[in-house]
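In what follows, a single structure is set out as C-alpha coordinates and then discussed.
The values are calculated or read from the model by the stated rules, or taken from the named source; none is laboratory data. Bear in mind the structure is a predicted one, so any value in this text is a computation, not a measurement. Cβ: placed from backbone, ideal geometry, glycine included. Neighbour counts: every protein chain shown.
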Amino acid sequence: MTEHDETPAARVPDPGPRPPSAPPADAPAGGPRPDWAPPSTTPPPAHADEMTGEAAQARLSASLRTLELTVRRRLDGLLQGNHLGLVPGPGTEAGEPRPYQPGDDVRRMDWSVTARTTEPHIRETIADRELETQLVVDLSPSLDFGTAACEKRDLAVAACAAVVHLTRGGGNRVGAVVATGERTVRLPARGGETGARELLRRIAATPTAPEGTRGDLPGALESLRRPPRRRGLVVVVSDFLGDVDWERALRALRARHELLAVEVVDPRDEELPDVGTVVLADPETGHRREVTTTATLRRRFAAEAAAHRDRVAAALRRTGAAHLVLRTDRDWIADVVRFAVARKRGWSGGATTGRVPTAAPSATGSR
(Lines give C-alpha, C1' and ligand atoms only; values in the text may rest on other atoms or scores of the structure.)
Protein backbone atom coordinates (compact mmCIF):
# COMPACT_ATOMS: atom_id res chain seq x y z
CA MET A 1 0.00 0.00 0.00
CA THR A 2 1.41 3.33 -0.99
CA GLU A 3 0.70 6.72 0.47
CA HIS A 4 -1.22 9.29 -1.56
CA ASP A 5 -2.21 12.82 -0.66
CA GLU A 6 -5.60 12.66 0.99
CA THR A 7 -6.43 9.31 -0.60
CA PRO A 8 -5.69 6.69 2.03
CA ALA A 9 -7.08 3.85 -0.07
CA ALA A 10 -7.14 0.41 1.51
CA ARG A 11 -6.42 1.87 4.94
CA VAL A 12 -8.29 1.47 8.15
CA PRO A 13 -8.87 3.70 11.16
CA ASP A 14 -6.23 3.81 13.86
CA PRO A 15 -6.68 0.88 16.26
CA GLY A 16 -6.91 3.41 19.09
CA PRO A 17 -10.14 5.40 19.52
CA ARG A 18 -12.04 4.50 16.38
CA PRO A 19 -14.58 6.71 14.64
CA PRO A 20 -18.19 5.70 14.97
CA SER A 21 -19.35 3.44 12.17
CA ALA A 22 -22.73 2.68 10.71
CA PRO A 23 -24.35 -0.52 11.99
CA PRO A 24 -24.74 -3.46 9.62
CA ALA A 25 -27.71 -3.28 7.30
CA ASP A 26 -29.24 -6.36 8.88
CA ALA A 27 -28.41 -5.49 12.51
CA PRO A 28 -30.18 -2.51 14.11
CA ALA A 29 -28.01 0.10 15.79
CA GLY A 30 -27.52 -0.64 19.46
CA GLY A 31 -29.11 -4.07 19.06
CA PRO A 32 -27.67 -7.42 20.10
CA ARG A 33 -24.88 -9.10 18.21
CA PRO A 34 -26.41 -10.87 15.17
CA ASP A 35 -26.71 -14.63 15.58
CA TRP A 36 -24.92 -15.12 12.26
CA ALA A 37 -21.80 -13.28 13.42
CA PRO A 38 -18.84 -15.66 13.89
CA PRO A 39 -17.43 -15.83 17.43
CA SER A 40 -14.21 -14.00 18.22
CA THR A 41 -11.14 -16.19 17.74
CA THR A 42 -8.46 -13.55 18.37
CA PRO A 43 -5.51 -15.31 20.07
CA PRO A 44 -4.13 -14.08 23.40
CA PRO A 45 -1.32 -11.51 23.19
CA ALA A 46 2.22 -12.81 23.41
CA HIS A 47 2.85 -10.93 26.68
CA ALA A 48 -0.23 -12.31 28.46
CA ASP A 49 0.48 -14.00 31.78
CA GLU A 50 -0.11 -17.71 32.28
CA MET A 51 -3.57 -17.43 33.84
CA THR A 52 -4.74 -14.95 31.23
CA GLY A 53 -3.35 -17.19 28.48
CA GLU A 54 -5.17 -20.23 29.85
CA ALA A 55 -8.43 -18.31 30.02
CA ALA A 56 -7.94 -17.07 26.48
CA GLN A 57 -7.23 -20.59 25.23
CA ALA A 58 -10.41 -21.83 26.93
CA ARG A 59 -12.34 -19.00 25.29
CA LEU A 60 -10.80 -19.91 21.92
CA SER A 61 -11.82 -23.55 22.31
CA ALA A 62 -15.37 -22.52 23.21
CA SER A 63 -15.51 -20.15 20.24
CA LEU A 64 -14.36 -22.87 17.86
CA ARG A 65 -16.98 -25.29 19.22
CA THR A 66 -19.66 -22.63 18.72
CA LEU A 67 -18.41 -21.99 15.20
CA GLU A 68 -18.44 -25.72 14.40
CA LEU A 69 -22.02 -26.08 15.62
CA THR A 70 -23.11 -23.03 13.61
CA VAL A 71 -21.49 -24.31 10.43
CA ARG A 72 -22.91 -27.82 10.86
CA ARG A 73 -26.40 -26.54 11.60
CA ARG A 74 -26.47 -24.37 8.51
CA LEU A 75 -24.44 -26.46 6.06
CA ASP A 76 -25.13 -30.10 6.95
CA GLY A 77 -26.68 -31.96 4.02
CA LEU A 78 -25.86 -29.19 1.56
CA LEU A 79 -23.74 -31.47 -0.61
CA GLN A 80 -24.92 -34.77 0.81
CA GLY A 81 -24.88 -37.59 -1.74
CA ASN A 82 -22.40 -35.87 -4.05
CA HIS A 83 -18.88 -37.15 -4.60
CA LEU A 84 -17.14 -35.06 -7.21
CA GLY A 85 -14.08 -36.57 -8.88
CA LEU A 86 -11.39 -34.22 -10.09
CA VAL A 87 -11.61 -35.68 -13.59
CA PRO A 88 -14.83 -37.26 -14.92
CA GLY A 89 -14.62 -40.96 -15.69
CA PRO A 90 -13.70 -44.23 -14.00
CA GLY A 91 -10.33 -43.02 -12.76
CA THR A 92 -7.15 -41.12 -13.54
CA GLU A 93 -4.36 -43.20 -11.96
CA ALA A 94 -2.99 -46.16 -13.92
CA GLY A 95 -3.45 -49.51 -12.17
CA GLU A 96 -2.57 -53.12 -12.96
CA PRO A 97 -3.27 -54.75 -16.35
CA ARG A 98 -5.56 -57.78 -16.52
CA PRO A 99 -6.87 -60.04 -19.28
CA TYR A 100 -9.70 -58.69 -21.36
CA GLN A 101 -13.17 -60.00 -20.51
CA PRO A 102 -16.31 -59.67 -22.62
CA GLY A 103 -18.04 -56.41 -21.80
CA ASP A 104 -14.86 -54.48 -20.92
CA ASP A 105 -14.40 -51.06 -22.49
CA VAL A 106 -12.10 -51.54 -25.49
CA ARG A 107 -10.85 -47.96 -25.02
CA ARG A 108 -8.96 -49.22 -21.96
CA MET A 109 -6.97 -51.77 -23.94
CA ASP A 110 -3.29 -51.90 -22.98
CA TRP A 111 -1.73 -52.52 -26.37
CA SER A 112 1.85 -52.87 -25.12
CA VAL A 113 0.94 -55.71 -22.73
CA THR A 114 -1.31 -57.23 -25.39
CA ALA A 115 1.60 -57.27 -27.85
CA ARG A 116 4.00 -58.85 -25.36
CA THR A 117 1.60 -61.58 -24.21
CA THR A 118 -0.29 -62.04 -27.48
CA GLU A 119 -3.47 -61.96 -25.37
CA PRO A 120 -5.75 -58.96 -25.09
CA HIS A 121 -5.30 -57.03 -21.85
CA ILE A 122 -6.88 -53.91 -20.45
CA ARG A 123 -5.36 -51.45 -18.01
CA GLU A 124 -7.24 -50.99 -14.73
CA THR A 125 -7.56 -47.44 -13.44
CA ILE A 126 -7.78 -46.20 -9.87
CA ALA A 127 -10.58 -43.76 -9.29
CA ASP A 128 -9.39 -40.42 -7.91
CA ARG A 129 -11.83 -40.27 -5.01
CA GLU A 130 -9.83 -38.52 -2.34
CA LEU A 131 -9.64 -34.75 -2.55
CA GLU A 132 -6.81 -32.83 -0.93
CA THR A 133 -7.75 -29.28 -0.02
CA GLN A 134 -5.09 -26.73 0.85
CA LEU A 135 -6.10 -23.51 2.61
CA VAL A 136 -3.91 -20.45 2.07
CA VAL A 137 -4.90 -18.16 4.95
CA ASP A 138 -3.73 -14.55 4.94
CA LEU A 139 -3.65 -13.31 8.55
CA SER A 140 -1.62 -10.16 7.92
CA PRO A 141 -2.26 -7.10 10.16
CA SER A 142 -4.85 -5.66 7.77
CA LEU A 143 -7.25 -8.42 8.85
CA ASP A 144 -7.01 -7.53 12.56
CA PHE A 145 -9.75 -4.98 12.07
CA GLY A 146 -13.53 -4.77 11.81
CA THR A 147 -16.26 -2.19 12.27
CA ALA A 148 -19.40 -4.31 11.85
CA ALA A 149 -20.44 -7.60 13.45
CA CYS A 150 -16.92 -9.06 13.72
CA GLU A 151 -13.30 -8.55 12.75
CA LYS A 152 -12.07 -9.66 9.36
CA ARG A 153 -9.77 -12.17 11.05
CA ASP A 154 -12.77 -13.84 12.73
CA LEU A 155 -14.53 -14.01 9.38
CA ALA A 156 -11.44 -15.54 7.74
CA VAL A 157 -11.36 -18.30 10.38
CA ALA A 158 -15.10 -18.84 9.90
CA ALA A 159 -14.58 -19.18 6.14
CA CYS A 160 -11.92 -21.82 6.79
CA ALA A 161 -14.35 -23.69 9.03
CA ALA A 162 -16.98 -23.72 6.28
CA VAL A 163 -14.49 -24.96 3.66
CA VAL A 164 -13.23 -27.68 6.00
CA HIS A 165 -16.77 -28.84 6.73
CA LEU A 166 -17.70 -28.99 3.03
CA THR A 167 -14.56 -30.82 1.87
CA ARG A 168 -13.36 -33.14 4.65
CA GLY A 169 -15.82 -36.02 4.12
CA GLY A 170 -15.25 -39.22 2.17
CA GLY A 171 -11.61 -39.69 3.16
CA ASN A 172 -10.62 -36.24 1.94
CA ARG A 173 -7.74 -34.41 3.60
CA VAL A 174 -7.31 -30.73 4.46
CA GLY A 175 -4.08 -28.82 5.08
CA ALA A 176 -3.18 -25.16 5.34
CA VAL A 177 -0.52 -22.53 4.81
CA VAL A 178 -0.95 -19.64 7.27
CA ALA A 179 0.90 -16.41 6.49
CA THR A 180 1.04 -13.40 8.82
CA GLY A 181 3.79 -11.50 7.02
CA GLU A 182 6.07 -12.12 9.99
CA ARG A 183 6.14 -15.86 9.38
CA THR A 184 4.58 -18.59 7.25
CA VAL A 185 3.41 -21.84 8.86
CA ARG A 186 2.60 -25.00 6.89
CA LEU A 187 0.09 -27.38 8.44
CA PRO A 188 0.14 -30.86 6.85
CA ALA A 189 -3.01 -32.22 5.28
CA ARG A 190 -4.90 -34.64 7.50
CA GLY A 191 -8.23 -36.41 7.32
CA GLY A 192 -10.94 -37.07 9.84
CA GLU A 193 -12.86 -34.94 12.29
CA THR A 194 -10.03 -34.75 14.82
CA GLY A 195 -7.60 -33.56 12.18
CA ALA A 196 -10.06 -30.90 10.98
CA ARG A 197 -10.57 -29.55 14.49
CA GLU A 198 -6.85 -29.40 15.18
CA LEU A 199 -6.28 -27.60 11.88
CA LEU A 200 -8.86 -24.92 12.69
CA ARG A 201 -7.50 -24.53 16.21
CA ARG A 202 -3.98 -23.94 14.94
CA ILE A 203 -5.19 -21.44 12.34
CA ALA A 204 -7.20 -19.51 14.93
CA ALA A 205 -4.35 -19.61 17.48
CA THR A 206 -1.81 -18.12 15.05
CA PRO A 207 -0.27 -15.10 16.82
CA THR A 208 -1.03 -11.73 15.32
CA ALA A 209 1.84 -9.98 13.56
CA PRO A 210 2.98 -6.62 14.94
CA GLU A 211 1.76 -3.47 13.25
CA GLY A 212 4.02 -2.45 10.39
CA THR A 213 4.45 -6.02 9.10
CA ARG A 214 3.73 -6.43 5.42
CA GLY A 215 1.72 -9.44 4.33
CA ASP A 216 3.30 -12.06 2.07
CA LEU A 217 0.47 -13.70 0.13
CA PRO A 218 2.64 -14.41 -2.97
CA GLY A 219 5.17 -16.25 -0.79
CA ALA A 220 2.44 -18.35 0.80
CA LEU A 221 1.10 -19.30 -2.63
CA GLU A 222 4.58 -20.17 -3.90
CA SER A 223 5.12 -22.49 -0.93
CA LEU A 224 2.37 -24.75 -2.29
CA ARG A 225 4.20 -25.23 -5.59
CA ARG A 226 7.44 -26.61 -4.16
CA PRO A 227 7.39 -29.51 -3.84
CA PRO A 228 4.54 -30.15 -6.32
CA ARG A 229 1.43 -31.62 -4.76
CA ARG A 230 -1.21 -33.95 -6.11
CA ARG A 231 -4.10 -32.32 -7.88
CA GLY A 232 -6.71 -30.89 -5.55
CA LEU A 233 -8.43 -27.73 -4.38
CA VAL A 234 -6.63 -24.56 -3.23
CA VAL A 235 -8.69 -22.07 -1.22
CA VAL A 236 -7.17 -18.61 -0.70
CA VAL A 237 -8.67 -16.58 2.17
CA SER A 238 -7.58 -12.94 2.24
CA ASP A 239 -8.80 -9.35 2.07
CA PHE A 240 -6.54 -8.89 -1.01
CA LEU A 241 -5.59 -5.36 0.04
CA GLY A 242 -2.38 -3.90 -1.34
CA ASP A 243 -0.63 -4.68 -4.60
CA VAL A 244 -2.01 -7.36 -6.91
CA ASP A 245 1.35 -9.13 -6.89
CA TRP A 246 -0.09 -12.58 -6.23
CA GLU A 247 -1.64 -13.15 -9.67
CA ARG A 248 1.34 -14.92 -11.21
CA ALA A 249 1.65 -17.38 -8.30
CA LEU A 250 -2.09 -18.07 -8.36
CA ARG A 251 -2.05 -18.63 -12.12
CA ALA A 252 0.77 -21.16 -11.71
CA LEU A 253 -1.27 -23.07 -9.12
CA ARG A 254 -4.21 -23.15 -11.53
CA ALA A 255 -2.25 -25.47 -13.81
CA ARG A 256 -2.66 -28.31 -11.27
CA HIS A 257 -5.46 -27.31 -8.91
CA GLU A 258 -8.96 -25.98 -8.75
CA LEU A 259 -8.95 -22.51 -7.20
CA LEU A 260 -11.34 -20.70 -4.86
CA ALA A 261 -10.64 -17.17 -3.64
CA VAL A 262 -12.52 -15.97 -0.55
CA GLU A 263 -12.35 -12.19 -0.26
CA VAL A 264 -13.03 -10.81 3.23
CA VAL A 265 -14.42 -7.26 3.21
CA ASP A 266 -15.30 -4.70 5.88
CA PRO A 267 -17.46 -1.62 5.13
CA ARG A 268 -14.56 0.67 6.05
CA ASP A 269 -12.48 -0.91 3.29
CA GLU A 270 -14.91 0.67 0.84
CA GLU A 271 -15.94 4.02 2.30
CA LEU A 272 -15.17 6.51 5.06
CA PRO A 273 -17.82 7.78 7.45
CA ASP A 274 -18.41 11.49 7.85
CA VAL A 275 -16.70 11.88 11.25
CA GLY A 276 -14.66 15.03 10.79
CA THR A 277 -10.97 14.77 11.66
CA VAL A 278 -9.65 11.22 12.03
CA VAL A 279 -6.32 9.40 12.04
CA LEU A 280 -5.98 6.84 9.26
CA ALA A 281 -3.34 4.13 9.47
CA ASP A 282 -1.82 1.57 7.15
CA PRO A 283 -1.39 -1.48 9.42
CA GLU A 284 1.15 -3.11 7.10
CA THR A 285 3.54 -0.13 6.98
CA GLY A 286 2.71 1.67 10.23
CA HIS A 287 2.15 4.96 8.41
CA ARG A 288 -0.43 7.27 10.00
CA ARG A 289 -2.05 10.39 8.70
CA GLU A 290 -4.55 12.77 10.18
CA VAL A 291 -7.18 13.83 7.67
CA THR A 292 -10.52 15.59 7.63
CA THR A 293 -13.22 13.45 6.05
CA THR A 294 -14.59 15.99 3.64
CA ALA A 295 -17.09 15.00 0.96
CA THR A 296 -14.33 15.19 -1.66
CA LEU A 297 -12.01 12.91 0.31
CA ARG A 298 -14.77 10.41 0.96
CA ARG A 299 -15.64 10.27 -2.76
CA ARG A 300 -11.98 9.78 -3.70
CA PHE A 301 -11.55 7.08 -1.05
CA ALA A 302 -14.64 5.22 -2.29
CA ALA A 303 -13.47 5.51 -5.91
CA GLU A 304 -9.98 4.21 -5.05
CA ALA A 305 -11.45 1.32 -3.05
CA ALA A 306 -13.90 0.38 -5.80
CA ALA A 307 -11.14 0.50 -8.42
CA HIS A 308 -8.94 -1.75 -6.27
CA ARG A 309 -11.70 -4.31 -5.78
CA ASP A 310 -12.32 -4.30 -9.54
CA ARG A 311 -8.62 -5.00 -10.12
CA VAL A 312 -8.75 -7.89 -7.66
CA ALA A 313 -11.87 -9.36 -9.31
CA ALA A 314 -10.32 -9.02 -12.78
CA ALA A 315 -7.08 -10.70 -11.64
CA LEU A 316 -9.01 -13.59 -10.10
CA ARG A 317 -10.99 -14.05 -13.31
CA ARG A 318 -7.75 -14.21 -15.30
CA THR A 319 -6.43 -16.96 -13.03
CA GLY A 320 -9.66 -18.96 -13.42
CA ALA A 321 -10.44 -18.89 -9.71
CA ALA A 322 -13.98 -18.93 -8.37
CA HIS A 323 -14.61 -15.79 -6.31
CA LEU A 324 -16.60 -15.67 -3.09
CA VAL A 325 -17.03 -12.38 -1.20
CA LEU A 326 -17.77 -12.48 2.53
CA ARG A 327 -18.55 -9.29 4.47
CA THR A 328 -18.42 -8.48 8.15
CA ASP A 329 -21.79 -6.70 7.91
CA ARG A 330 -23.69 -9.52 6.24
CA ASP A 331 -24.76 -13.09 6.99
CA TRP A 332 -21.58 -14.80 5.84
CA ILE A 333 -22.89 -18.34 6.08
CA ALA A 334 -25.89 -17.51 3.86
CA ASP A 335 -23.41 -16.26 1.25
CA VAL A 336 -21.48 -19.54 1.57
CA VAL A 337 -24.71 -21.50 1.10
CA ARG A 338 -25.59 -19.53 -2.06
CA PHE A 339 -22.11 -20.08 -3.40
CA ALA A 340 -22.08 -23.83 -2.65
CA VAL A 341 -25.54 -24.34 -4.15
CA ALA A 342 -24.47 -22.51 -7.31
CA ARG A 343 -21.37 -24.71 -7.54
CA LYS A 344 -23.45 -27.82 -6.98
CA ARG A 345 -25.75 -26.76 -9.80
CA GLY A 346 -22.70 -26.26 -11.98
CA TRP A 347 -21.47 -29.78 -11.24
CA SER A 348 -24.82 -30.95 -12.60
CA GLY A 349 -24.36 -29.04 -15.85
CA GLY A 350 -24.88 -25.35 -15.07
CA ALA A 351 -22.32 -22.57 -15.47
CA THR A 352 -20.60 -21.28 -12.36
CA THR A 353 -17.37 -19.77 -13.59
CA GLY A 354 -16.18 -16.44 -12.33
CA ARG A 355 -17.47 -14.42 -9.44
CA VAL A 356 -20.54 -15.72 -7.67
CA PRO A 357 -22.90 -12.84 -6.78
CA THR A 358 -24.35 -12.53 -3.32
CA ALA A 359 -27.72 -11.15 -2.37
CA ALA A 360 -28.03 -7.69 -0.90
CA PRO A 361 -28.53 -7.56 2.87
CA SER A 362 -32.09 -7.39 4.07
CA ALA A 363 -33.63 -5.76 7.08
CA THR A 364 -34.06 -9.11 8.83
CA GLY A 365 -30.98 -10.94 7.52
CA SER A 366 -31.10 -14.11 5.45
CA ARG A 367 -31.09 -17.57 6.88
query: Name the strands (runs of 3 or more DSSP E) wholly within region 110-180 that hold at least 1 residues that are hydroxyl-bearing (Ser, Thr, Tyr) and either at negative phi or surrounded by fewer than 19 Cβ atoms within 10 Å (Cβ to Cβ) (or both)?
result: 121-126, 132-138
Lone unmet requirement of (1) under 30 Å from VAL136 (Cβ atoms); (2) in contact with a strand residue (DSSP E or B) (Cβ under 6 Å, 6 or more places away or on another chain) for ALA255: (2)
- prompt: For residues in region 189-205 being out of contact with any helix residue (DSSP H, G or I) (no Cβ under 9 Å at 6 or more places or on another chain) and touching a residue at least 12 places away in the same chain (Cβ under 8 Å), which is farthest from LEU131 (Cα to Cα)?
  reply: ARG202
Among the candidates ARG230, ARG214, ARG251, residue that is at pLDDT 90 or above and among the basic types (Lys, Arg): ARG251
field: Selected residue [at pLDDT 85 or above, outside the structural domain of LEU260 (by TED's automatic domain parsing) and not basic (Lys, Arg)] from GLU151, GLU119
entry: GLU119
message: Pairs needed: first member in region 329-342, charged (D, E, K, R); second member anywhere, in a helix (DSSP H, G or I); C-beta distance under 8 Å; at least 6 residues apart or different chains.
response: ASP329/PRO267
message: Among the residues of region 183-192, are any under 24 Å from ARG327 (Cα atoms) and buried (at least 19 other Cβ atoms within 10 Å of the Cβ)?
response: no
- request: Given the conditions (1) among the small types (Gly, Ala, Ser); (2) in contact with a helix residue (DSSP H, G or I) (Cβ under 6 Å, 6 or more places away or on another chain); (3) modelled with pLDDT of 90 or more, report the number of the one that ALA209 does not fulfil.
  value: (3)
field: Those residues of region 274-324 which are over 22 Å from the mean Cα position of the chain (by Cα), over 28 Å from PRO210 (Cβ atoms) and either not assigned by TED's automatic domain parsing to the domain that holds ALA255 or not aliphatic (A, V, I, L, M) (or both), in sequence order
entry: ASP274, GLY276, THR292, THR294, THR296, ARG298, ARG299, ARG300
- line: Counting only strands (runs of 3 or more DSSP E) entirely within region 216-283, those with at least 1 residues that are touching a residue at least 24 places away in the same chain (Cβ under 8 Å) and over 22 Å from GLY146 (Cβ atoms) are 233-238, 258-265
statement: How many residues of region 307-331 are more than 21 Å from ASP144 (Cα to Cα) and either assigned to a helix (DSSP H, G or I) or of a type in the set (Phe, Trp, Tyr) (or both)? The answer is 10
query: Based on what the data block shows, is PRO141 modelled with pLDDT of 85 or more and closer than 30 Å to PRO99 by Cβ?
result: no
- prompt: Looking at ASP104, is it at pLDDT below 85, acidic (Asp, Glu), part of a loop (DSSP other than H, G, I, E, B) and surrounded by 16 or more Cβ atoms within 10 Å (Cβ to Cβ)?
  reply: no
task: Tell me, please, whether a residue that is modelled with pLDDT under 85 and touching a Ser or Thr at 6+ places or on another chain (Cβ under 9 Å) can be found in region 131-138.
output: yes
